[in-house]
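Engineer: Just dropping this structure here.
The values are calculated or read from the model by the stated rules, or taken from the named source; none is laboratory data. The model shown is predicted, which means the values in this text are computed figures rather than measured ones. Backbone-built Cβ (ideal geometry, glycine too); neighbour counts: all protein chains shown.
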Amino acid sequence: MDIEKGDRIVPIMEGADLGTSIVPTLKRIAKPPVPLLPFAECYYETDIPMTDMLVKLYALPDVNPLLTALNQKGLEIRRPHPSERYVLAEWVRQHFHEPWAVGCEVALENKPVSCYIAVEKRQDHVPSDDPYDLPEEVLVGFACYDVDSKGMFGAMGVKEGRRGQGIGTALLLACLHAMKEEGYAYAVIGWVASVDFYANAAGATVIPDSEPGIFRGKLVGSV
Ligand SMILES: CC(C)(COP(=O)(O)OP(=O)(O)OC[C@H]1O[C@@H](n2cnc3c(N)ncnc32)[C@H](O)[C@@H]1OP(=O)(O)O)[C@@H](O)C(=O)NCCC(=O)NCCS
């Protein structure tokens, strides 16, 4: 691979399945008009309005009926453990964006961990007497808060093919209830593309003149 001055080098992750080793390779892109990874150079571009929204944490819907319904389908919403950081970050990197993977890593540094994940327990597990012989849990979604700013929710994502089953709402409400327990009165949903989703799920309202909010950076490593 010949690299010339002015080329932009973007790391590509291969070996995509969870549990396999991830082999980073370099792909040469000669001055691309459209970035391969839209967020790869740490700036944000969008052609739709991306506003912030406000949520009253003292008037949240109960999350427990949703958690029970998901449980009955073998899905659990829980906080990740710091030791699960690598698996979570790689999964988010593969399914969503690099900055969201970094956001998860930041969330796992917080105490308490400011992140919830949705996991599906493998049904083919045969229990044994070994207390550490637990069923594998497959990631299907994540949500973070207190990453870009204190009191701010985001990012969040649910795996394609698992959307529309209440997982996103459960992750959102789990985070918002945790924020309330930690002493916040209101939460800000940062840089929202799906206003209706947050309005319906948590009663969020648009904050006037909040676009582009705090997401203004255009940091690049080189020109
Ligand atoms: C947004 C997202 C997390 C929702 O997750 P989900 O598991 O599908 O959410 P739910 O199943 O709880 O959906 C609840 C409702 O919101 C609706 N909804 C989902 N995504 C929506 C969107 N982008 N805009 C408006 N409504 C949406 C669903 O249709 C559903 O409606 P219903 O109850 O009438 O059927 C998921 O679509 C996703 O990962 N999107 C890509 C990443 C993303 O956009 N993250 C948020 C950035 S602001």
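Engineer: Take ALA143 and decide whether it is closer than 14 Å to ARG85 by Cα and either without any contact (Cβ under 8 Å) to a residue 40 or more places away in the chain or in contact with an Asp or Glu (Cβ under 6 Å, 6 or more places away or on another chain) (or both). Explain how you work it out, then say what you get.
Structural biologist: Details: closer than 14 Å to ARG85 by Cα: yes; either without any contact (Cβ under 8 Å) to a residue 40 or more places away in the chain or in contact with an Asp or Glu (Cβ under 6 Å, 6 or more places away or on another chain) (or both): yes.
Judged against the criteria, ALA143 is a match.
Engineer: Any residue in the stretch 177-199 that is over 15 Å from PRO212 (Cα atoms) and in the same structural domain as ALA143 (by TED's automatic domain parsing) sitting within a Cβ distance under 7 Å of a residue that is hydrophobic (A, V, I, L, M, F, W, C) and away from the ligand (no atom under 16 Å from the Cβ)? List the pairs, counting only those 6 or more apart or interchain.
Structural biologist: Sorted first by the residue in the stretch 177-199, then by its partner, the pairs are MET179/LEU57; LYS180/LEU57; TYR184/LEU57; ALA185/LEU57; TYR186/LEU57; ALA187/LEU57; ALA187/MET179.
Engineer: Any chance you could count how many residues in the stretch 50-103 are over 16 Å from PHE153 (Cα atoms) and among the β-branched types (Val, Ile, Thr)?
Structural biologist: So the answer is 5.
Engineer: Only one of VAL34, VAL102, VAL23 is modelled with pLDDT of 50 or more and on the phi < 0 side of the Ramachandran plot; which?
Structural biologist: Unique residue meeting the criteria: VAL102.
Engineer: Follow-up question, since we're still on this one. On the basis of being modelled with pLDDT of 95 or more, surrounded by fewer than 13 Cβ atoms within 10 Å (Cβ to Cβ) and assigned by TED's automatic domain parsing to the domain that holds GLU109, does ALA170 make the cut?
Structural biologist: No; evaluated as a whole, the condition is false for this residue.
Engineer: Take the stretch 192-211 and flag every residue that is near the ligand (Cβ under 7 Å from one of its atoms) and touching a strand residue (DSSP E or B) at 6+ places or on another chain (Cβ under 7 Å).
Structural biologist: Correct list: VAL192 only.
Engineer: Quick check: anything in the stretch 175-185 farther than 23 Å from ASP62 by Cβ and surrounded by 15 or more Cβ atoms within 10 Å (Cβ to Cβ)?
Structural biologist: no
Engineer: Sticking with this one: From (1) assigned to a helix (DSSP H, G or I); (2) more than 13 Å from the ligand (Cβ to nearest atom); (3) touching a residue at least 40 places away in the same chain (Cβ under 8 Å), pick out the condition that doesn't hold for TRP100.
Structural biologist: Here TRP100 meets the rest and fails (2).
Engineer: Please determine, by comparing only the residues of the stretch 130-167 that are more than 8 Å from the ligand (Cβ to nearest atom) and of a type in the set (D, E, K, R), which one is surrounded by the most Cβ atoms within 10 Å (Cβ to Cβ).
Structural biologist: Per the criteria, the residue is ASP146.
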